[in-house]
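Visitor: I'd like to ask you about the structure that follows.
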Amino acid sequence: MAELEAESLHFSVGILGISGGSLLLLVNDYGSSPEKSLIPHTALGVLLLIIAALLAYSGVRRSLSQSHLFSSVCLSVSALWGGSGLVYLLVGERVLGATELRASLVPGLAAFTLALLILAIVSLFQREVVIFIITLSISLACGHQIAGLSSPGFGQSATAACYLLVTLVGAYFGCGRLLSFITQGRVEAPGTWLRKRSAGGRGSRGPEDCNDVVPVGLVMNLLSASVLACPLLAVVPQLSAGHVPWLWTAAVFQLGVCVLSYRAMDSLTATFYGFTSILHFTEGYSALLTAPSISIHPSSPIPFPVVFSVLFFILALFSCQKTLAEGLYQLFFVAYTIALAAQPSLAFQAGAQGVQAAIFVVSAVMLLVTSYNMSANRIPTGEGMFKAVVMRISSLTLRPRDKQLHDPYLGYSRYADAEVLGHACSVLAAFSIASSVDDRDPLVVLVLPWTVVAGGILQLLVGSVAFARGKTLESTAFILYGVMWSVWGLTRYGGLYGDTRGFNVAVGIISFLLFNSLVTVGALFLNIAWFLYAATFHLIIISFLLDAVGALPYGYDIGVSIVFGLVSFYCFLSGLFNMTFLTPQMPLGRALVRLSGKGGEGRDICPHVPARKATAVHQIAEIMKSGGICGMPTDTVYVLVAACNRPEAVEKAYRCKQQAQDRPMSLWVSSINQLEPVRSLLSPLLWDFMSAAWPSSISMVIPRGPWMEMFGLGESAKHIGTPQSIAIRNPDCAVATHLINLVGPIAVTSANPTGEADTTHHNQVYAKLGDKVDGVLCDGPSPENTASTVVDCTKIESGHIGFFRVGLIPKSQVLQTFEEVQKRHSHGQINPGFETDLTEP
């Protein structure tokens, strides 16, 4: 219910945002004349940017709830009004002339006319009437606006009429959903309910196939292709500074698609849109340099576009494992980068523009197929062909695409592994600086966007994702290198360096040198590939230092850049290969230095076995029966367990945990039947309350008694509970109850040293407790990151219960269960197990 309410709110925000933006453009179109605009361009641009930000928020939140069509519409309209707002803002501030407004707006409006028309067709097939009306009307409005820009007075009223329809439909539907949210569904306007998504609407596709933001990335490719192909078709005179807002809007949105794709566990798509965002930033930067105030026509480092084409080609091959259509689509970008390599002046003419025209058509087709298949999955795209080919090669074994593919090092991560993109960006940044640049005019050679965007911004993004996955060393390296590439790129290749050589610049570079020394030492404990990666970047920083003090040997910087680029390329290729194939694996090498503990020299890690296999549960049970202690998944977080009939194991668990005196261990059973031997020592009300509340995430604190001796705890009983009470629980977890059935009642404590955070992933058990653990039952991330609810039942006979901690089970639910048990007792309904006791004299 809470999820539906949240979706209703985000839907309302998105619809009302579209309605508000349409009302703004409606008023402006009706009140403007060919000579003067009703709303000043600056004000109109700022308002459109604010609404675009609101729509982007709504679209992202809806994408996280896997509502792909509305999310695509929100983000596409956000990009449309964001790009338009920037153009209006530049014209209003006189950065662009008033006569340049048409040439600046037409390519972007043309792209969104087609993109929104495609989304309207898909929404019609999906019977989403409101979305169909909105997308079709905005598409027609963009088309009429192009006509109005070409001929003043023609199309302006039609544009306003289209926005009027969007305003009315959006206001009614958005207010209806908002009313439903405010009244918690008690009041709903007719026709404003949301269709419920069926659980099986997407067939049996895995998590990597449920990437709802792919259509947005395709729309952005459509946008950039339109901007670059329009001069070829003579729609606009040439690529100019007025097109920079569209290109950079596409780049920013594709960065967002990249991040959301990692969140959707789709690292191949994330890598692709990371690459295309770099291209769009570079295209916009090149267009910016052609502005009259700058008037620079940059040339590209000749080998560089070839390197980019190789990266695109390899990514296209591996993307075929998803669908053949995706791999073929990415080959068009291989052709585009090759066309750029054949045209060092980077004027985006001739061959490059022709390829972009082809990308425009193919992107439109891919947008239609992808959006349609997300709900219907009827248009064939070659899915499974890659697997069929690999199955014929006996030496190759595909890696299964399940939830274990992107398991993080520590804890639960919502993001896939991003190292492939990080290493690819290092390749781009390294080869971009392998060219001579004149210190007096560094902007003539196009190096800045490759170093700052690829080496800087994308590396920082990859470092953030690696940090979220618990990869401390890798995240540190990517963030450090991202900062280094950004600072050095802006300084050396952005015109800030000038002729300055001396101590001030060298001091900053030396600090990076010292930080990277620590990263290099840390890489000794990881693997050989990472050590070479950090060590060769150390050589690049040394080249920066020598350049700063004016002592750079001829060719040294080019040599070390090529070496670092080749090492990064191997890491990129091995990352893709090892992520795709289970066998064989491209070697990364063992750690050069190994410490005692996990993976230490001469020591083996304790058994880590999958919880979904019955044989694995039996293996852990045998370890516990032999006096071992193990990590176990539950319905909440991971716990450390020991068999009650092995007192030495309970003692070991207590010492291993460094248990504080005020945090005693608890007793767990697989069902209330395991308490049958002590039933006569417990009150009827408590027994019935246990029967009604369990199995669940509820721990009950009950009075301690001599019945504890029946579990074989011996002297270790002092570690369970306090002298007055003990916590007992029956977990709502099939794996845990099966293990307890095999072992008997167990002593339980949290799987972390006292004072630390709860353990939410099986990798954390060994990481936190080391070789003191004898086995770990692995089940991935915890289903809940909240601990159990602890109920005080020591005074239950007086009709009262208390709460030591309110966790996963809310207090109201526990009280409701207790009240129902009390009512049964007040009406004389007593648990049948106590009837024999009551009949005794």
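The values are calculated or read from the model by the stated rules, or taken from the named source; none is laboratory data. Note that this is a predicted model, so its numbers are computed, not measured. Here the Cβ positions follow ideal geometry from the backbone for every residue, glycine too, while neighbour counts run over all protein chains shown. Ligands, DNA and RNA are excluded from the accessible area calculation, which covers all protein heavy atoms including side chains. Shrake-Rupley method; radii C 1.70, N 1.55, O 1.52, S 1.80 Å.
Visitor: When the stretch 133-166 is examined, which residues are found to be surrounded by fewer than 18 Cβ atoms within 10 Å (Cβ to Cβ) and either within 22 Å of residue 219 (Cβ to Cβ) or without any contact (Cβ under 8 Å) to a residue 40 or more places away in the chain (or both)?
Guide: 147, 151, 154, 158, 161
Visitor: Across the stretch 557-590, what is the total count of residues that are exposed (fewer than 15 other Cβ atoms within 10 Å of the Cβ) and of a type outside the set (A, V, I, L, M, F, W, C)?
Guide: 7
Visitor: Further question on the same structure: Select from the stretch 344-354 the residues that are open to solvent by less than 30 Å² (accessible area, probe 1.4 Å) and not small (Gly, Ala, Ser) and write down the one among them that is modelled with the lowest pLDDT. If you could, list the steps in order and put the result at the bottom.
Guide: Of the stretch 344-354, the ones open to solvent by less than 30 Å² (accessible area, probe 1.4 Å) are 346, 348, 352-353.
Going one step further and asking which of them are not small (Gly, Ala, Ser), we end up with 346, 348, 353.
Working: 346: 57, 348: 62, 353: 88.
So, considering only residues that are open to solvent by less than 30 Å² (accessible area, probe 1.4 Å) and not small (Gly, Ala, Ser), the one modelled with the lowest pLDDT is 346.
Visitor: Within the stretch 667-686, is even one residue buried (at least 16 other Cβ atoms within 10 Å of the Cβ), in contact with a strand residue (DSSP E or B) (Cβ under 6 Å, 6 or more places away or on another chain) and modelled with pLDDT of 85 or more?
Guide: yes
Visitor: Can you give me the number of residues within the stretch 25-38 that are of a type in the set (A, V, I, L, M) and surrounded by fewer than 19 Cβ atoms within 10 Å (Cβ to Cβ)? Give the derivation first.
Guide: Keep residues of the stretch 25-38 that are of a type in the set (A, V, I, L, M), which gives 25-27, 38.
When the remaining residues are screened for being surrounded by fewer than 19 Cβ atoms within 10 Å (Cβ to Cβ), the result is 27, 38.
Total satisfying the criteria: 2.
Visitor: Between a residue in the stretch 815-827 that is under 10 Å from residue 685 (Cβ atoms) and any residue that is surrounded by 10 or more Cβ atoms within 10 Å (Cβ to Cβ) and among the acidic types (Asp, Glu), which pairs come within a Cβ distance under 6 Å, given they are 6 or more apart or on different chains?
Guide: 821/688
Visitor: In the list 772, 768, which residue meets the criterion of being out of contact with any strand residue (DSSP E or B) (no Cβ under 8 Å at 6 or more places or on another chain), open to solvent by less than 70 Å² (accessible area, probe 1.4 Å) and over 30 Å from residue 705 (Cα atoms)?
Guide: Unique residue meeting the criteria: 768.
Visitor: Failed condition for residue 369, given (1) under 24 Å from residue 310 (Cβ atoms); (2) modelled with pLDDT of 90 or more; (3) of a type outside the set (S, T, N, Q), with all others met?
Guide: Among (1) under 24 Å from residue 310 (Cβ atoms); (2) modelled with pLDDT of 90 or more; (3) of a type outside the set (S, T, N, Q), the lone unmet condition for residue 369 is (1).
Visitor: May I ask you to verify whether residue 123 is crowded, with 22+ Cβ neighbours inside 10 Å and of a type in the set (Ser, Thr, Tyr)?
Guide: yes
Here is a yes/no grid of residues against (1) of a type in the set (A, V, I, L, M, F, W, C); (2) more than 22 Å from residue 14 (Cβ to Cβ):
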site	(1), (2)
125	yes, no
128	no, no
134	yes, no
137	no, no
142	yes, no
146	yes, yes
149	yes, yes
156	no, yes
162	yes, no
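Visitor: Could you tell me whether residue 736 is at pLDDT 90 or above, within 23 Å of residue 644 (Cβ to Cβ) and within 31 Å of the chain's Cα centre (by Cα)?
Guide: yes
Visitor: Looking at this structure, is residue 98 of a type in the set (A, V, I, L, M) and either modelled with pLDDT of 90 or more or crowded, with 20+ Cβ neighbours inside 10 Å (or both)? Please lay out each step first, then the result.
Guide: Details: of a type in the set (A, V, I, L, M): yes; either modelled with pLDDT of 90 or more or crowded, with 20+ Cβ neighbours inside 10 Å (or both): no.
It is false that residue 98 is of a type in the set (A, V, I, L, M) and either modelled with pLDDT of 90 or more or crowded, with 20+ Cβ neighbours inside 10 Å (or both).
Visitor: Which of the following residues is at pLDDT 90 or above, in contact with a helix residue (DSSP H, G or I) (Cβ under 6 Å, 6 or more places away or on another chain) and not in a loop (DSSP other than H, G, I, E, B): 649, 642?
Guide: Testing whether each residue is at pLDDT 90 or above, in contact with a helix residue (DSSP H, G or I) (Cβ under 6 Å, 6 or more places away or on another chain) and not in a loop (DSSP other than H, G, I, E, B) leaves just 642.
Visitor: Residue 696 - would you say it is in a loop (DSSP other than H, G, I, E, B), among the hydroxyl-bearing types (Ser, Thr, Tyr) and closer than 29 Å to residue 782 by Cα?
Guide: In short, yes.
Visitor: Sticking with this one: Taking the stretch 687-739, which residues are of a type in the set (Val, Ile, Thr), within 22 Å of residue 651 (Cα to Cα) and either open to solvent by 10 Å² or more (accessible area, probe 1.4 Å) or in contact with an Asp or Glu (Cβ under 6 Å, 6 or more places away or on another chain) (or both)?
Guide: Correct list: 701, 722.
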